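Read through the structure below, which is laid out as structure tokens, and then see the notes.
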Amino acid sequence: MRMIRVNPIYPPPGLNLELPSWTPEEYFLRIGGDCHDYADKFETLQEVFSLDSKEMRAKGVPCKQRKYILRTRELLRCGVLTFEYLGRRTVVGKIREL
């Protein structure tokens, strides 16, 4: 994921990460990585943040997208990436135009 400038959160949120009221589709549109095609496999954002790789595989999410989702999730938990930054990304408008 390309990040222009993000100030890390200190201390990092870890497992106490507060999730916004986005749907999985909105979240996947914002993170990019062709993950928006698999948003229908998840019911809530909490489910996205609680499943591991094997459970995502059972739902039918390909390896490349699984790795991308898990990496983004870990960056959010470490405080390197923020939901505020994801909210400002302009990729959402570009995908909706397609």
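The values are calculated or read from the model by the stated rules, or taken from the named source; none is laboratory data. Not measured: the values here are computed from a predicted model. Ideal geometry is used to build each Cβ from the backbone, glycine not excepted, and the neighbour counts take in all protein chains shown. To get the accessible areas, we keep the full protein, side chains included, count just its heavy atoms, and leave off ligands, DNA and RNA. Shrake-Rupley method; radii C 1.70, N 1.55, O 1.52, S 1.80 Å.
When nucleic acids and ligands are ignored and a 1.4 Å probe is applied, Lys64 ends up with an accessible area of around 150 Å².
Placing pseudo-labels 7 Å out from each Cα toward the beta carbon at Tyr10 and Ser50 gives an inter-label distance of 3.3 nm. Mean projected area of the convex hull spanned by the Cα atoms of the range 1-71, taken over all viewing directions: 5.1 nm². Here the Karplus relation 6.51 cos²θ - 1.76 cosθ + 1.60, evaluated at θ = phi - 60°, turns the backbone of the range 36-46 into coupling constants of 5, 5, 10, 5, 6, 7, 10, 8, 9, 5, 4 Hz, with x for every Gly and Pro.
Rounded to the nearest 0.05, the FRET efficiency derived from the C-beta distance between Asp40 and Glu18 at R0 = 22 Å is 0.35.
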